[in-house]
1. Restricting to the range B:152-181, give me the number of residues that are open to solvent by less than 10 Å² (accessible area, probe 1.4 Å) and at pLDDT below 95.
2. Collect the residues in the range A:75-101 that are in a helix (DSSP H, G or I) and either within 16 Å of ligand 1 (Cβ to nearest atom) or surrounded by fewer than 23 Cβ atoms within 10 Å (Cβ to Cβ) (or both), keeping them in residue-number order.
3. Answer yes or no as to whether residue B:29 is away from ligand 2 (no atom under 16 Å from the Cβ) and either under 23 Å from residue B:229 (Cα atoms) or touching a residue at least 60 places away in the same chain (Cβ under 8 Å) (or both).
4. Please tell me if residue B:335 is away from chain A (no Cβ under 14 Å) and open to solvent by 60 Å² or more (accessible area, probe 1.4 Å).
5. Can you name the residue in the range B:167-182 that is touching a helix residue (DSSP H, G or I) at 6+ places or on another chain (Cβ under 8 Å) and not in a loop (DSSP other than H, G, I, E, B) and is also farthest from ligand 1 (Cβ to nearest atom) among such residues?
6. Quick check on my filter: what residues within the range B:184-211 are in contact with a strand residue (DSSP E or B) (Cβ under 7 Å, 6 or more places away or on another chain), within 14 Å of another protein chain (Cβ to nearest Cβ) and assigned to a loop (DSSP other than H, G, I, E, B)?
7. Condition first: more than 16 Å from ligand 2 (Cβ to nearest atom) and within 14 Å of another protein chain (Cβ to nearest Cβ). Can you find one or more residues in the range A:37-50 that meet it?
8. In the range B:241-290, how many residues are more than 10 Å from every other protein chain (Cβ to nearest Cβ), farther than 27 Å from residue B:31 by Cβ and surrounded by fewer than 19 Cβ atoms within 10 Å (Cβ to Cβ)?
Protein chains: 2
Amino acid sequence: MATKGPKAALITDTTFRDAHQSLLATRMKTEHMIPIAEKHDEIGFYSMEMWGGATFDTCMRFCGDDPWERLRVIRRHLKKTKTQMLLRGQNIVGYRNYADDVLIEFIKKAVFNGMDIFRCFDALNDYRNLEVAIKTVIDEGAHAQGTICYAISPVHTVEYYVKLAKELESMGVHSIAIKDMAGIIAPYITYNIVKGMRDAGITVPIQIHCHYTSGMGAMAYMKGIEAGANIIDCAISPMSVQTSQPSIEVMCAAFEGTEYDPGLDLKPMIELADYWKNIRPLYAAFDLAQKYPDAGILVSQVPGGMMSNFLSQLQQANALHRLPEVLEEMPRVQEDFGWPPLVTPSSQIVGSQAVLNVLMGRYKMCTNEVKQYMRGYYGRPPAPINEEARKMIIGDEQPITCRPADMLEPELPKAKEMIAPVMEKEEDIISCAIYPQVAPKFLEERMSKKLNVDVELAKKSSEFYPV
Amino acid sequence: MATKGPKAALITDTTFRDAHQSLLATRMKTEHMIPIAEKHDEIGFYSMEMWGGATFDTCMRFCGDDPWERLRVIRRHLKKTKTQMLLRGQNIVGYRNYADDVLIEFIKKAVFNGMDIFRCFDALNDYRNLEVAIKTVIDEGAHAQGTICYAISPVHTVEYYVKLAKELESMGVHSIAIKDMAGIIAPYITYNIVKGMRDAGITVPIQIHCHYTSGMGAMAYMKGIEAGANIIDCAISPMSVQTSQPSIEVMCAAFEGTEYDPGLDLKPMIELADYWKNIRPLYAAFDLAQKYPDAGILVSQVPGGMMSNFLSQLQQANALHRLPEVLEEMPRVQEDFGWPPLVTPSSQIVGSQAVLNVLMGRYKMCTNEVKQYMRGYYGRPPAPINEEARKMIIGDEQPITCRPADMLEPELPKAKEMIAPVMEKEEDIISCAIYPQVAPKFLEERMSKKLNVDVELAKKSSEFYPV
Ligand SMILES: [Co+2]
Ligand SMILES: [Co+2]
């Protein structure tokens with residue numbers, strides 16, 4: 001039996017969300033989470049991340065699951081563990097900015113259905129994009145976690161991260177997450193950032209979120225905890241490592257008997273691991289994990305997803321041999337764009353522009369997203385944008401300087417109207433506002449299935465009780 | 001370009017030996033090492049482990065390679081990197097004690113053919129079994145590394161490991177290895193052991209050898225280096241992790257920019273990784289690595305190989321359901337046997353006895369190896385043997401108290417006689433002394449192949465130059 005240390009590392013279990021989002025293309029069905037949910041609940045995790053991120057979309061698009069129903073049913077099985085979700089700030093659980101009315105209603109309904117902790121992040125670390133989210137979460141009495149997206153660039157210094165942490169603390173967050181979505185944060189860098197925050201007087205709990213992609217995740221957690229972080233994101237071993245999080249069991253064993261001992265008993269985790277060992281093969285078609293770390297990332301510092309985008313874009317243009325030029329162009333574009341962290345959607349925006357620059361000449365051709373980025377509709381990047389590049393992309397147009405969502409009209413009324421015929425609960429309106437193509441289709445199918453069932457039931461009844 | 005830190009972690013590259021021994025059943029052929037050997041040489045590794053352990057046997061048994069030829073040809077391609085091998089003490093590269101004449105001649109010929117560093121270990125940490133090996137290596141002017149096999153037991157305390165280190169130092173070793181063959185050493189334990197040695201005045205370089213089986217290898221290296229260790233065993237990324245060693249690239253990236261920076265440039269490693277990515281699939285039939293860490297080991301502390309032995313023994317007896325009893329019996333047998341580390345051959349000896357005890361009653365039936373163990377022919381275990389158990393196993397027989405190899409007559413004369421018809425070089429005698437079944441068969445086939453070729457050549461000549 002493990003004994004909790006005085007500086008115990010607390011553990012967030014990501015098995016129900018990021019683990020399968022990262023390893024199995026977010027395809028995990030609710031039905032495969034339910035049978036084991038109560039066993040996870042009994043372990044004693046700080047929280048279980050089980051909602052948000054890409055799951056909202058894939059629930060409806062691929063899994064035939066209602067995301068709201070997933071939240072409710074899993075919540076019912078968790079007696080002692082907090083629920084946690086990933087909220088993309090003003091992007092909620094989608095890929096564009098939504099109006100405040102959608103965001104606020106989403107948070108209210110999420111809290112109502114049992115969400116405890118909201119990890120709020122913005123791809124550019126532009127916290128104007130988190131203002132409404134954080135305020136609403138706090139107003140609803142839930143836990144607001146502010147996020148710092150980690151990136152490697154000349155402007156992403158320890159001082160810069162400390163400044164961001166202070167900003168978040170002044171917004172009233174209950175905790176801060178350091179989010180290494182690309183799996184590239186090195187252990188002693190993690191140490192320096194966390195130490196920097198603690199030395200600067202940041203007192204809220206610090207949580208670290210890594211991916212094991214480049215093989216450094218567990219070491220980064222270890223040094224982060226040593227520097228004063230409190231919570232680490234881990235997944236049960238058969239759903240861990242590679243593009244997913246470090247393993248729960250491994251981190252518990254690593255800290256066992258030290259002042260950082262999480263105090264969780266390893267034995268009952270065996271049952272969880274056995275369960276997931278059997279579930280993972282059901283999703284083999286989506287399981288592209290390698291058996292070894294992707295060391296290429298350590299050199300290129302280009303996340304795995306971006307690299308495959310480069311290759312497919314270049315292949316389409318019959319120009320695979322120009323990959324080295326693209327890799328050289330990348331940091332130039334990043335600099336011109338004000339060194340945005342490489343995470344959805346900035347990674348796609350910067351990456352596709354780097355390819356276009358190589359193929360067509362620098363900024364001779366730009367996607368609509370790049371133009372919107374230059375117009376300020378994604379927010380403010382960490383460093384100033386290169387004005388020469390901006391001019392080449394949007395000419396003399398004046399970029400907006402306000403919070404991007406300030407430009408948006410309320411969006412719920414239209415969604416309500418659109419969804420009326422198939423709506424069953426108020427949450428359906430929010431699903432529709434965020435995914436106006438996917439959600440109505442999902443809800444229609446749900447309704448027609450129910451009707452069919454009813455018709456069959458009616459038939460059966462008439463057989464048994466002929467009229 | 002990485003800059004070497006003042007406390008630089010040096011790296012031993014295990015790709016050519018332990019990596020494929022652990023991942024691919026030791027099946028890697030010499031022909032797949034030669035094309036990339038010079039590229040490995042250029043990186044700047046402290047050493048390359050490329051010989052010994054199980055490779056000597058499998059070379060002849062499965063790969064159709066002469067182990068001596070492998071050593072020579074790879075040596076020729078290494079201009080700046082030291083060669084390193086794993087020597088099983090008095091077991092040399094086999095599975096029983098050999099007489100001193102074989103051991104001494106083996107070391108002499110290995111040095112002659114280009115071996116620089118000999119890692120000498122004994123499964124029981126009974127250093128009487130390393131006396132001749134270490135002395136001969138030193139006499140031959142090569143580097144003698146003494147090994148401490150890591151184990152978890154009540155007697156394997158930091159103090160005990162420090163005592164072992166002092167013993168090794170007094171034997172004149174040039175460096176000390178901490179060998180975690182089961183992949184179970186935890187990071188802060190590693191720290192405490194290394195720190196304990198340094199605090200006790202051990203000054204020789206300390207090298208750490210881990211397997212990634214339970215997922216803690218990289219963290220153990222990190223804490224070991226922080227505590228004052230100097231060298232870590234790593235493999236190129238596509239041949240790393242799981243049952244193999246941590247990745248070279250990952251450890252370099254983890255230490256980059258710190259006082260521990262190995263100072264090795266990551267870019268040229270990409271070429272190595274690309275090469276091995278293509279070679280590994282050629283051995284897919286032997287590649288049983290999982291995509292995730294084996295967390296079961298963290299609970300049972302039974303190495304993976306032992307567990308599969310349990311299962312196959314129990315299956316044969318139609319008693320798979322008695323595994324829990326076997327796992328409970330294991331520590332009892334370990335204690336009765338004086339807490340030997342679980343590594344070949346002690347792991348097999350203890351493991352099969354635990355199964356027999358459950359199936360037949362405690363010590364009612366024993367293998368010949370167990371009897372020999374009790375007679376003292378494997379050496380002295382860390383703790384006293386339970387005399388009651390010993391009595392049940394060998395009755396009133398008196399165990400030997402001398403160095404086991406003192407009981408052996410010289411073995412080279414017989415081997416020389418046996419191998420004479422097919423011998424081509426003196427090294428063949430040693431191969432035959434160590435593997436009296438495998439080596440002669442291999443050498444005969446080699447000779448018959450050569451004769452065939454000669455006959456065919458002769459035929460061809462006669463066609464061209466008819467007589
Ligand atoms: Co993530
Ligand atoms: Co090994």
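The values are calculated or read from the model by the stated rules, or taken from the named source; none is laboratory data. All of these numbers come straight from a predicted model, not from anything done at the bench. Here the Cβ positions follow ideal geometry from the backbone for every residue, glycine too, while neighbour counts run over all protein chains shown. These accessible areas exclude ligands, DNA and RNA; they are computed on the full protein's heavy atoms, side chains included. Shrake-Rupley method; radii C 1.70, N 1.55, O 1.52, S 1.80 Å.
1. Total satisfying the criteria: 0.
2. Residues of the range A:75-101 that are in a helix (DSSP H, G or I), as a first pass: A:75-77, A:89-91, A:100-101.
The answer is A:75, A:76, A:77, A:89, A:91, A:100, A:101.
3. For residue B:29, the condition - away from ligand 2 (no atom under 16 Å from the Cβ) and either under 23 Å from residue B:229 (Cα atoms) or touching a residue at least 60 places away in the same chain (Cβ under 8 Å) (or both) - is not met.
4. Here the answer is yes, as residue B:335 does meet what is asked.
5. Step by step, filter the range B:167-182, then rank; the result is B:167.
6. Listed by number, the residues that qualify are B:185, B:211.
7. From the range A:37-50, those more than 16 Å from ligand 2 (Cβ to nearest atom) are A:37-50; that's our starting set.
Then drop every residue that is not within 14 Å of another protein chain (Cβ to nearest Cβ), which leaves A:43.
Yes: the range A:37-50 contains one or more residues that are more than 16 Å from ligand 2 (Cβ to nearest atom) and within 14 Å of another protein chain (Cβ to nearest Cβ).
8. Of the residues in that region, 1 qualify.
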